[in-house]
Amino acid sequence: MKTCVIGTGNGGQAIAAWLSSQGNTVSLYGRNSEIVSELSSHGSIQLIGAITGVGHLSEVTTNIHKSVSGAELIMVVTTANDHGSIAEQIAGDLTDNQIIILNPGRTGGALEFQRALEANGCKARVYVAEAQSLVYACRLVENGIVNIIGVKDKVLLSATPASDTSFVLEKIST
C-alpha cells in the first residue's frame, strides 16, 4: 500500500519504519529540513527493542503536497494542535478514497480535521479516523533509530462519520 506518514518525531519514524518493513511504500513528510535531510541520507529507519527491523523509505520530504499525492493511507503522527493546519495544507491535494488516520486524535481531532478539509474546499470522498493513542511506547535513540519500548495490546480507532469505522479498520487490517 502506498502510504504517507506526516511527522518525523519518534512516533512518525516508528510508524514509517514499521509500515515499510511490512512491505508498504512509505513517503515520510517533515517540516524540519535538518531532520528530513538526515533521514533522507539514511534512506531507512531502524527499529530496536520490542520490535526489531528496518524500514526503507521511498521518500523523505519537506513537500507535504508531494508526499500525500497518490497515497492510499495517510498517517498523521503529530501533536493535536497541528491537525487543523495539516488539513488546511492538504485539502486541495486529496483524492477520493484516501484514508487519513490521526495518531493519536482522541480529542476530537477527526472532527476538527474533517471540518478544516471542508472549509478549505476539499471535495474528495476521504475517510478520516483517529486512534485513541499511539500504538507504540517509543523513543528516538537518534534520527533513524527508534527504540520500541512496548506495543500496546489494544488501541481504539473511530472514523467520522462512525459508519466509516468498519471500512477503515478493514482496509488497514490487510
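The values are calculated or read from the model by the stated rules, or taken from the named source; none is laboratory data. Just so it is clear, the model here is predicted, and its values are computed rather than measured. Don't worry about glycine lacking a Cβ; one is built from the backbone with ideal geometry, like all the others, and counts go over all protein chains shown. Accessible surface is based on the protein model in full, side chains and every heavy atom, while ligands, DNA and RNA are left aside. Shrake-Rupley method; radii C 1.70, N 1.55, O 1.52, S 1.80 Å.
For the residues Lys2, Lys154, Lys123, a 1.4 Å probe over the protein chains yields an accessible-area ranking, largest first, of Lys123, Lys154, Lys2. Ellipsoid semi-axes for the stretch 1-61, based on the Cα gyration tensor and the rule √(5λ), read 16, 13, 10 Å when sorted largest first.
Rolling a 1.4 Å probe over the heavy atoms of the protein chains gives the chain an accessible area of 47 Å² per residue. Beta-bridge orientation, the chain: approximately 35 percent antiparallel, per DSSP, counting only bridges with both partners inside. The modelled label-to-label distance for the pair Ile149/Asn120, using points 7 Å beyond Cα in the direction of Cβ, is 3.2 nm. The HN-Hα couplings worked out from phi for the stretch 5-21 by the Karplus form 6.51 cos²θ - 1.76 cosθ + 1.60 (θ = phi - 60°) are 10, 9, x, 10, x, 4, x, x, 5, 5, 5, 4, 5, 5, 4, 5, 5 Hz, whole numbers, x standing for Gly and Pro. The residues Glu34, Glu142, sorted by heavy-atom accessible surface at 1.4 Å with ligands and nucleic acids left out, run Glu34, Glu142 from largest to smallest. Mean projected area of the Cα convex hull of the chain, taken over all directions, amounts to 8.7 nm². Surface composition of the stretch 38-90: carbon and sulfur make up 46 percent of the accessible area, probe 1.4 Å.
In order along the stretch 109-118, phi translates into HN-Hα couplings of x, 5, 5, 4, 5, 4, 5, 5, 4, 4 Hz, rounded to whole numbers, per the Karplus curve 6.51 cos²θ - 1.76 cosθ + 1.60 with θ = phi - 60° and x for Gly and Pro. At 222 nm, what helix-only mean residue ellipticity would the chain give, in deg cm²/dmol to the nearest 500, using -39500 (n - 2.57) for each DSSP H run of four or more? Per the formula, -9000 deg cm²/dmol.
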